[in-house]
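Let me begin by presenting the structure, written as structure tokens, before commenting on it.
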Amino acid sequence: MIRDNYGRTISYLRLSITDRCNLNCFYCRPCKVTSFIPHNNILTYEDMYHLLETAAKMDVQKVRLTGGEPFARRDILYFLSRIKSGIPGMDLRLTTNATLIAGKIKALKDVGIEALNISLDTLDRDKYQKITGRDFLKNVLTSIERCLEHGIRVKINVVALKGVNDDELENFVGLALSKPVDVRFIEFMPIGQKTLWRKQHFWPGDAIVSAAEKVTRLEPLSHEGKNHGPARIYALPEGAGRLGIISPLSNHFCETCNRLRITADGRLRTCLFSDRDYRLLPLIRSSKISPERLKTVLERAGLNKPMGNELAARDRGPEKSLCQRVMSSIGG
Ligand code: SAM
């Protein structure tokens with residue numbers, strides 16, 4: 001089991017399987033990416049499987065595959081079925097922009113994927129194009145429908161951007177009322193060098209709740225299960241779905257943070273807001289020689305996991321980023 005100096009237990013891993021993405025969301029990757037991680041430095045599926053197997057032995061129970069765009073990596077279905085068959089107890093899901101999944105939805109269900117987190121920041125076609133650089137809104141909405149038809153649960157993650165999508169709150173609440181989906185607003189965070197985060201774009205969680213209460217009745221739900229995430233969840237008595245708020249800035253959840261992040265080049269980050277990382281790739285590849293070393297590094301790194309809110313409170317200046325690496329290469 002991985003425990004840290006604050007008594008937190010690590011049970012959740014976010015694994016970025018590629019730094020490549022087919023979208024260019026302005027808030028995620030603000031400057032044009034001209035170089036990607038060289039192929040040889042990317043963890044192979046074999047590397048990642050070995051890492052997940054080790055993590056599972058250390059009581060990590062929940063894994064989210066992310067990116068870049070995870071479905072931009074070739075043979076992802078093979079990797080999913082390998083994890084499902086080799087580590088059957090693992091709660092495995094993916095975070096995706098859902099633009100590349102159309103032909104894979106049945107196969108996802110068949111390999112045992114029960115739920116997807118789908119990122120979607122607008123329900124307006126022109127705005128979608130402005131935010132992402134691509135005209136894929138229709139494609140995404142159709143894939144959400146197909147997922148629900150195949151019994152795959154859907155959580156829709158919306159980055160809350162004042163002046164960009166705050167005028168769409170009613171439409172997003174409408175979506176959660178009309179479909180059995182969780183619509184979760186995530187506060188915009190100043191992540192990555194040259195972040196476009198500005199105070200005027202910040203739409204805090206409490207303001208979103210107040211605005212949503214004007215549209216429909218919200219019933220706060222207590223966190224469910226031991227693997228609950230950081231979202232405040234509200235049932236919608238008048239509708240089919242639920243509403244969620246994730247507020248890492250205005251109402252941080254660092255005391256209960258149970259997660260580690262691993263980038264596509266095998267760097268372990270113990271906190272989203274800290275650029276300190278631990279290079280796992282050589283350890284993974286040499287772990288046939290010394291299998292215990294990977295475990296030891298995971299334990300030591302976990303032990304030194306910082307309190308993110310303390311890092312965030314450092315004097316950074318009003319509009320500086322919390323960390324240097326961009327979100328598309330960390331994985332969210
Ligand atoms: N491509 C996948 C997707 O779209 O879900 C996975 C990677 S993406 C980096 C993961 C999540 O991070 C997305 O929901 C995205 O909206 C979110 N994200 C990116 N930059 C963010 C920021 N500055 N603040 C809050 N969330 C952000």
By residue number, the members of segment 205-220 that are under 18 Å from P230 (Cα atoms), in a helix (DSSP H, G or I) and open to solvent by 60 Å² or more (accessible area, probe 1.4 Å) are D206
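Just to be sure, is L15 more than 16 Å from the ligand (Cβ to nearest atom), at pLDDT 95 or above, open to solvent by less than 20 Å² (accessible area, probe 1.4 Å) and closer than 22 Å to R293 by Cβ? Before the answer, list the steps.
On the way: more than 16 Å from the ligand (Cβ to nearest atom): no; at pLDDT 95 or above: yes; open to solvent by less than 20 Å² (accessible area, probe 1.4 Å): yes; closer than 22 Å to R293 by Cβ: yes.
No; evaluated as a whole, the condition is false for this residue.
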Please go through segment 225-248 and pick out each residue that is over 29 Å from F71 (Cα atoms) and touching a residue at least 40 places away in the same chain (Cβ under 8 Å). L236, E238, G239
If you check G89 against the conditions, is it part of a loop (DSSP other than H, G, I, E, B) and in contact (Cβ under 8 Å) with a residue 60 or more places away in the chain? no
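Residue-wise test of (1) in a strand (DSSP E or B); (2) touching a residue at least 24 places away in the same chain (Cβ under 8 Å); (3) in contact with a Pro (Cβ under 6 Å, 6 or more places away or on another chain).
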{"residue": "L23", "(1), (2), (3)": "no, yes, no"}
{"residue": "C28", "(1), (2), (3)": "no, yes, no"}
{"residue": "V33", "(1), (2), (3)": "no, yes, no"}
{"residue": "F36", "(1), (2), (3)": "no, no, no"}
{"residue": "A55", "(1), (2), (3)": "no, yes, no"}
{"residue": "L65", "(1), (2), (3)": "yes, yes, no"}
{"residue": "F79", "(1), (2), (3)": "no, yes, no"}
{"residue": "I83", "(1), (2), (3)": "no, yes, no"}
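Could you look through segment 172-204, keep only residues that are β-branched (V, I, T) and not in a loop (DSSP other than H, G, I, E, B), and pick out the one that is farthest from the ligand (Cβ to nearest atom)?
So in segment 172-204, the residues β-branched (V, I, T) come out as 173, 181, 183, 186, 191, 195.
Next, from what is left, pick out any that are not in a loop (DSSP other than H, G, I, E, B): 173, 183, 186, 191.
Numbers: V173: 19, V183: 12, I186: 5, I191: 5 Å.
Filtering first and then ranking leaves V173.
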What are the residue pairs meeting all of these: first residue in segment 146-162, first residue more than 15 Å from D121 (Cα to Cα), second residue within 13 Å of the ligand (Cβ to nearest atom), Cβ atoms under 7 Å, and 6 or more apart or on different chains? C147/L116; C147/V154; L148/V154; I152/L116
One residue from I83, I76 being open to solvent by less than 20 Å² (accessible area, probe 1.4 Å) and in contact with a strand residue (DSSP E or B) (Cβ under 7 Å, 6 or more places away or on another chain): I83
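The values are calculated or read from the model by the stated rules, or taken from the named source; none is laboratory data. Quantities reported herein were computed from a predicted structural model and do not represent experimental measurements. So basically every Cβ, Gly included, is an ideal-geometry build from the backbone, and we count neighbours across all protein chains shown. Each accessible area value is taken on the protein alone, full model and side chains, heavy atoms only, with ligands, DNA and RNA left out. Shrake-Rupley method; radii C 1.70, N 1.55, O 1.52, S 1.80 Å.
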